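Peer 1: Quick one: the structure is below, questions incoming.
The values are calculated or read from the model by the stated rules, or taken from the named source; none is laboratory data. Everything numeric in this text was worked out from a predicted model, so none of it was measured. Don't worry about glycine lacking a Cβ; one is built from the backbone with ideal geometry, like all the others, and counts go over all protein chains shown.
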Amino acid sequence: MAIKKVGVIGCGLMGHGIAQVAAQAGFTVVVREAEQGALDKGLGRVTKSLAKLVEKEKLTQADADAAKGRLSGTLELGDLADCDLIVEAIIEDLDIKKTLYAELGKLCKAETIFASNTSSFPIREMGAASGRPERMVGLHFFNPVQLMKLVEVVRTDATDAGVLAEARGFGEAVGKVPITANDTPGFVVNRLLVPYMAESMRLVERGDASVPDVDTAMKLGCGYPMGPFILTDYVGLDTTLSILEGWHAEYPNDPIFVPPQILKDKVAEGKMGRKTGEGFYKWDGDKPVA
């Protein structure tokens, strides 16, 4: 495998997990954040996560120490110039991502593979911004990265076949099951999941059923681990709305992408879900209150 050194941009909720699993798998990892506080917080999450694995006897202390030894942090984008693979896991703002890829395209060695962890934005636009569309893929991990087994490997019309194979190989190396998807809205998981969440909201808007009854129906009738409204509160109402608005702008004639009014109203009220203490449910820490 050509990938030996991995750069991760962003050490937040997703980035720290990607950095951790790569380091555990034996890769040299450099994670970059824009400011020291965010970097320290992210690396602290990795330390705590590894400690939990040791406590549960899923990892030896020696292996945890070795993984930490392969992981370093930086505030300088230039420290990623010689990476074989760079996985970007920054804020879901396409303009910011495109600016970043334009910088990376000028900075990194010719062989570097660029990969975005985006859940909704077109990979092709980031590849075009980098000036190296043939070296661009999506690597969409799921939260929490340390536990979730899936990674969506997303190809564009320009993605080189060898780059795609290397990206899939990296996914397997870090213990994930890779699937390949074309660069379409939401890829596979979110293309099915987000419209399902939106249709659940429209059902409640019409007065056909209540929020808790819809959640109970999908849990007990379909065997889902949680209903669509609990899930939306976990994902974040603002994140869900942003995804739908982006898709609706690109495909205005497709009614499945129209953001429900109930979702727009709650976001306008600052009710973003679990992270703000209220969304479709009120939250007591990590526990929803009906």
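Peer 1: Looking at the stretch 216-241, which of the residues that are buried (at least 22 other Cβ atoms within 10 Å of the Cβ) and not β-branched (Val, Ile, Thr) is nearest to ASP284 (Cα to Cα)?
Peer 2: The residue in question is ASP233.
Peer 1: A further question follows. Here's a check for you: in the stretch 234-265, which residue that is part of a helix (DSSP H, G or I) and among the polar types (S, T, N, Q) is nearest to GLU205 (Cα to Cα)?
Peer 2: The selected residue is GLN261.
Peer 1: Within the stretch 15-41, how many residues turn out to be among the β-branched types (Val, Ile, Thr) and part of a helix (DSSP H, G or I)?
Peer 2: Residues that pass the stated criteria total 2.
Peer 1: Of all the residues that make up the stretch 266-281, how many are touching a helix residue (DSSP H, G or I) at 6+ places or on another chain (Cβ under 6 Å), in a loop (DSSP other than H, G, I, E, B) and without any contact (Cβ under 8 Å) to a residue 40 or more places away in the chain?
Peer 2: Number satisfying all stated conditions: 1.
Peer 1: Output the residues belonging to the stretch 6-32 that are among the polar types (S, T, N, Q) and under 10 Å from VAL174 (Cβ atoms).
Peer 2: GLN20, GLN24
Peer 1: Sticking with this structure for a sec: Going through GLU205, GLU199, GLU250 one at a time, which residue ends up being closer than 30 Å to PRO178 by Cβ, surrounded by fewer than 18 Cβ atoms within 10 Å (Cβ to Cβ), touching a helix residue (DSSP H, G or I) at 6+ places or on another chain (Cβ under 9 Å) and modelled with pLDDT of 95 or more?
Peer 2: That would be GLU199, the only listed residue that is closer than 30 Å to PRO178 by Cβ, surrounded by fewer than 18 Cβ atoms within 10 Å (Cβ to Cβ), touching a helix residue (DSSP H, G or I) at 6+ places or on another chain (Cβ under 9 Å) and modelled with pLDDT of 95 or more.
Peer 1: If I ask for residues that are more than 20 Å from GLU35 (Cα to Cα) and over 22 Å from the mean Cα position of the chain (by Cα), which ones from the stretch 69-98 would you list?
Peer 2: GLY69, ARG70, ASP82, listed by residue number.
Peer 1: Let me ask another. In the same structural domain as GLY138 (by TED's automatic domain parsing) and either outside any loop (DSSP other than H, G, I, E, B) or modelled with pLDDT of 95 or more (or both): is that true of GLY12 in this structure?
Peer 2: In short, no.
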